[in-house]
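Read the structure below first, then the notes.
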Amino acid sequence: MLALGFLNNPRSGRTLSFGGPEMQPVATVREILLGTFDAKHVIVRGWLQNKRIGGGIIFLLLRDGSGVVQCTLRKGKVDDKTFEEFQSARIESSVELRGEVKPDPRAPGGREVQVDEGRVVHPALEEFPIAKQFHGPEFLLDKRHLFVRSDKMRSILRVRAVVLSAVREWFDEHGFTEVHVPSLTSAAVEGGATLFEVKYFDQKAYLTQSWQLYAEALIASVGSIYTIAPSFRAEKSRTRRHLTEYWHVEAEAPWCDLNCIIGVEERLLSHIVATLVEKCKTELALFERKLEDLEKVKPPFERVTYDQAFKMIGEEKSGIKWGDDLGYEQEKLLTVKFDRPFFVTHYPKKAKAFYHLPDPSNPEVTLSVDCLAPEGYGEITGGGQRIENYDALLARIREEGLDPKSYEWYLDLRKFGSVTHSGFGLGLERVVSWVCRLDHIRDAIAFPRLINRIYP
Ligand code: ATP
Ligand code: MG
């Protein structure tokens, strides 16, 4: 019988609570379930997600961040003190167990750990406030620091991470360099209505809405570039797809026109989706997202112009006039006509920010593009070709009533070797909401920032 000890495993550097002649390293639940851990006896550590007692056996569901595994404690096999300790342990206590991995078709994942030693590391001091019964969304948001432990949130956070690693993988393999720009800025990118103003010593500053203006400077230094960073928008309307702080994947490329950037977007998105299909089957199943839906996402995506989209929705039903931007309601009407992401191009000038290049063959519209996800989700990316010419850019800044002084350095870029260039921004939480079929974007991020919420 091994003694309960607190040994330091010199190889892993991890403190183990169980030791003895054959010291064992800690296995992750993932390793246990996949059978990739090459020892029959394992030590597992984590949180008590659930507990059931019956017939002298305590069934535990142990969660360790990599997965959930069933662990059983039998009276007589573990000592009485341990059995009693686990009998009274509350859900979400932290625990450490040692036992043998055995196949069990009744256990979730098909394997269980039959425990021979265990201890409660820190017992939960109170009943866990989130129970199996229904809780309203505001309650769950108040308890977000605990709700992040749920299967739902854990799966979403993993999907997020896989999306981001796919993004980096694709850009890195296609000649894009990752660059970072400040979050504190002196001028608006996307218009003043959604700007967060902050005090910057004795000056006024703003939280960034997009990296774009800086990106246009950096393409002349490092060429094709991308970033992954938070963007801030003081969104005053409450919708299911707006956060006030969200993670923005943005790209900018020199010598690249509208058609070229659309190609980048559709290949990037297809890679993201293919990576999810490969690596997140369990998570996608939890959200009842069919893999066939995602397997259809392959380039080329369908393209419609704003004009065509406007006609497809039907002027009366649309509730907007020609020239207005497509909002959530209009996009919803449009997305029912598609079963995979598609592009809307050539938005009217008045629906887009000043830097979008007017179409030389019809200057009322711009060489802009949004990618819309199906099933009512709508816009997941926005971008297009930028104005190259100095005078044209200055005229657009003036036309929008903006102060050219604030954009002096940005205008400078057109004085020193301007080139055809394009870029786009992809909202990470928009993509996650769509692939995970979420009702609200707040669940696509661990701690959402919304008009009425900055706690916890
Ligand atoms: P919308 O019309 O939906 O408000 P937008 O046109 O203002 O979006 P862009 O300026 O084109 O958005 O930003 C690029 C991308 O960033 C969008 O396509 C979207 O995916 C994401 N995004 C924009 N605003 C938000 C927000 N408030 N919360 C989450 N994601 C956002
Ligand atoms: Mg947009």
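Read-outs throughout are calculated quantities, based only on the coordinates presented, and are distinct from any laboratory measurement. Keep in mind it's a predicted model, so treat the numbers as computed, not measured. Counting neighbours? That spans all protein chains shown, and the Cβs are built from the backbone with ideal geometry, glycine included.
Taking the three principal axes of the alpha carbon atoms in the chain, the coordinate ranges are 84, 48, 40 Å, sorted in descending order. Measuring nothing but how far apart in sequence close Cα pairs (under 8 Å, 6+ apart) lie, relative to its length, the chain scores a relative contact order of 12 percent. Taking every alpha-carbon pair under 8 Å whose residues sit at least 6 apart, the stretch 306-426 reaches a relative contact order of 21 percent.
What the phi angles of the stretch 411-428 give under the Karplus curve with 6.51, -1.76 and 1.60, with θ = phi - 60°, is a coupling list of 5, 3, 4, 7, 8, 10, x, 5, 9, 4, 8, 9, x, 7, x, 10, x, 4 Hz, glycine and proline written as x.
Between the helical axis of 151-173 and the longest alpha-carbon principal axis of the chain there is an angle of about 50 degrees. The ranking of GLU331, GLU315, GLU235, GLU388 from fewest to most other beta carbons within 10 Å of each one's beta carbon is GLU315, GLU388, GLU235, GLU331.
With kT/(6 pi eta Rh) evaluated at 20 °C and eta = 1.002 mPa s, and Rh the Kirkwood radius from Cα pairs, the stretch 300-407 diffuses with a coefficient of 147 µm²/s according to Stokes-Einstein. Our summary of shape: the Cα atoms of the stretch 18-91 have principal axis extents of 31, 29, 18 Å, ordered from largest down, in whole angstrom.
Each label was represented as a point 7 Å from its Cα along the Cα-to-Cβ direction; for LYS281 and LYS350 these points are 5.3 nm apart. Placing pseudo-labels 7 Å out from each Cα toward the beta carbon at SER237 and HIS145 gives an inter-label distance of 3.5 nm. What the phi angles of the stretch 381-395 give under the Karplus curve with 6.51, -1.76 and 1.60, with θ = phi - 60°, is a coupling list of 9, x, x, x, 8, 9, 5, 8, 7, 4, 5, 5, 5, 4, 4 Hz, glycine and proline written as x.
By the Cβ distance rule of under 4.7 Å, the chain has these cysteines without a partner: CYS71, CYS280, CYS371, CYS436.
Once the convex hull of all Cα atoms in the stretch 392-442 is built, its volume per residue stands at 147 Å³.
With neighbour counts taken as other beta-carbon atoms within 10 Å, the residues MET312, MET153 rank, fewest first, as MET312, MET153. The distance separating the Cα centre of the stretch 50-85 from that of the stretch 395-436 comes to 57 Å. So if a site counts as exposed when it's one of the chymotrypsin sites (Phe, Trp or Tyr not before Pro), its DSSP state isn't H, G, I, E or B, and it has at most 10 other Cβ atoms within 10 Å, what's the longest stretch of the chain without one? The reported range is 202-415.
With K and R counted +1 and D and E -1, the other residues having a Cβ less than 9 Å from that of ARG414 yield a net charge of -2. Derived scalar couplings between HN and Hα for the stretch 177-194 equal 9, 7, 9, 10, 10, x, 8, 9, 9, 10, 9, 6, 9, 10, x, x, 4, 10 Hz in order, rounded to whole Hz, by the Karplus curve 6.51 cos²θ - 1.76 cosθ + 1.60 (θ = phi - 60°), x for Gly and Pro. Under the convention that each Lys and Arg Cβ holds +1 and each Asp and Glu Cβ holds -1, the size of the dipole of the chain around its Cα centre is about 1360 debye.
Per residue, the Cα convex hull of the stretch 22-180 amounts to 180 Å³. Relative to the dominant Cα principal axis of the chain, helix 258-279 is inclined by about 10°. Dividing the summed -39500 (n - 2.57) terms of all DSSP H runs of n ≥ 4 by the residue count of the chain sets its mean residue ellipticity at 222 nm at -8500 deg cm²/dmol. With the Kirkwood sum run over all distinct C-alpha pairs, the stretch 318-376 has a hydrodynamic radius of 12.1 Å. Farthest toward the positive end of the dipole of the stretch 308-441, out of GLY423, GLY401, PRO341, is the Cα of GLY423, where the dipole comes from beta carbon charges about the Cα centre. Charge dipole of the stretch 70-191 (Cα centre as origin; +1 on each Lys and Arg Cβ, -1 on each Asp and Glu Cβ, all else neutral): 380 debye, rounded to the nearest 20.
Think of the chain as having a plus end and a minus end, set by charges on the Cβ of Lys, Arg, Asp and Glu; of MET312, VAL432, SER368, VAL432 sits farthest toward the positive end of this dipole.
Scanning residues 5 or more positions from ARG303 or on other chains, those with amide H under 5 Å from its amide H are PHE343, with H placed 1.01 Å from N in the peptide plane.
Once the Kirkwood radius over Cα pairs is known for the stretch 347-456, the Stokes-Einstein relation at 37 °C and 0.692 mPa s delivers a diffusion coefficient of 201 µm²/s. How many percent of Cα pairs in the stretch 161-307 exceed 25 Å? I get 43 percent for the Cα pairs in the stretch 161-307 exceeding 25 Å.
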